[in-house]
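Everything on this sheet refers to the single structure shown next.
The values are calculated or read from the model by the stated rules, or taken from the named source; none is laboratory data. Worth saying up front: this structure is predicted, and the values here are computed from it rather than measured. For neighbour counting, all protein chains shown are included, and Cβ atoms are generated from backbone atoms with ideal geometry for every residue, glycine included. Just the protein is used for accessible areas: all its heavy atoms, side chains included, with ligands, DNA and RNA removed. Shrake-Rupley method; radii C 1.70, N 1.55, O 1.52, S 1.80 Å.
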Amino acid sequence: MKSFKICHLYGNLLNTYGDNGNLLMLQYLAKQKDLDVSTEVVSIGDQFDPKVYDIVFFGGGQDYEQKVIAKQIQSIRPSLKEYIENDGVVLAICGGYQLLGHYYVNAKGEKLPGLGILDHYTERQINSRFTGDTKIYSELFQRDLIGFENHNGVTYLGEGVHAFGKVKEGYGNNGQDQTEGAHYKNTFCTYFHGPLLVKNTWLGEELIDLALKNKDS
């Protein structure tokens, strides 16, 4: 049985909005493929080894937890960047998505530095949020994804990344340009919360298959 290791990045802090359901679905789908699955939380004070993990899951959290993480996440930037640039598979939701970019401004107006590994940045809305059911179309996978969004952040993509999908229903990154999420190499970012892989199990299978290609290459 082939081993398959998932990293839950800051999983003890970024675990709101039911995002852990994505982790459970990844574990379930990997077991269905007869893989020996294990999961490890990498959190504050831990090192990130880019050669150990097959998939990295980077979930969402509230502003306080994101502020705490933003202060120390730079310590793993070189190793996480190496993992991403070498086509490591990453699924980042909301707060994880924001932290991979250049910066984000939280609801209090505090500008917090991100990792700058992906070319995007996030501003805030004043007394408003994007919430509700949403649907996007992924050109990469040529399929629709359905889910639920709930975010104050307003994200704008730079030239170095593509959108994860085009908004068909809902708001997406900023409610203006019909982009939702970001895609760079094998890193996939989105504002879809907990139901993402539950409502779109095929995506979880695609992510695992990408990771297995890396193992075999």
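Determine the distance separating the Cα centre of segment 1-77 from the Cα centre of segment 83-102; give it in Å without decimals.
Measuring centre to centre over Cα atoms gives 11 Å.
Taking 22 Å as R0, compute the FRET efficiency from the Cβ-Cβ separation of ASP119 and SER43 and round it to 0.05.
Once rounded, the FRET efficiency stands at 0.25.
What order do MET1, MET25 take when sorted by accessible area (1.4 Å probe), most exposed first?
The ordering from most to least exposed comes out as MET1, MET25.
Under a point spin-label approximation (7 Å from Cα along Cα-to-Cβ), what is the LYS135-TYR156 distance to one decimal in nm?
3.0
Carbon-plus-sulfur fraction of the accessible area of the chain, 1.4 Å probe, in percent?
That fraction is 46 percent.
From the backbone phi of segment 201-217, what are the Karplus-calculated ³J(HN,Hα) couplings (6.51 cos²θ - 1.76 cosθ + 1.60, θ = phi - 60°) in whole Hz, Gly and Pro given as x?
These are the phi-based 3J(HN,Hα) values: 4, 4, 5, x, 5, 4, 5, 5, 5, 4, 5, 5, 4, 5, 5, 8, 7 Hz.
Within straight cross-link reach of LYS111, meaning Cα distance under 30 Å, which lysines are found once same-chain residues fewer than 8 apart are removed?
Those lysines meeting the cut-off are LYS67, LYS71, LYS81, LYS135, LYS166, LYS185.
Using DSSP loop states and a limit of at most 14 other Cβ atoms within 10 Å to flag GluC sites (Glu not before Pro), what is the longest stretch of the chain containing no flagged site?
Result for the longest clean stretch: 1-109.
Quick check on the chain: helices-only [θ] at 222 nm, where DSSP H runs of length 4 and up contribute -39,500 (n - 2.57) each and the sum goes over total residues. Nearest 500, please. Numbers along the way, then the final one.
Working: 6 runs with 58 residues, N = 217.
That comes out to -8000 deg cm²/dmol.
Going toward the positive end of the dipole of segment 1-58, with +1 on Lys and Arg Cβ and -1 on Asp and Glu Cβ, which of SER43, THR16, GLN32 do you reach last?
Highest projection toward the positive end goes to GLN32.
Below 10 angstrom from the Cβ of TYR10, what's the summed charge of the other residues (Lys, Arg +1; Asp, Glu -1)?
-2
Test of understanding: what is the full-extension gain from LYS108 to GLN32, defined as 0.36 nm times their sequence separation minus their Cα-Cα distance?
23.0 nm
Are there any trypsin sites (Lys or Arg not before Pro) in segment 109-182 that are in a DSSP loop and have at most 15 other Cβ atoms within 10 Å? List them by number.
For trypsin sites (Lys or Arg not before Pro) across segment 109-182 that sit outside H, G, I, E and B with at most 15 neighbouring Cβ atoms in 10 Å, the list reads ARG129.
What accessible area per residue comes out for the chain, rounded to a whole number of Å², with a 1.4 Å probe?
44
Based on the alpha-carbon gyration tensor of the chain and its eigenvalue square roots a ≥ b ≥ c, which shape applies: rounded if a/c is under 1.5, prolate if not and a/b is larger than b/c, or oblate?
oblate
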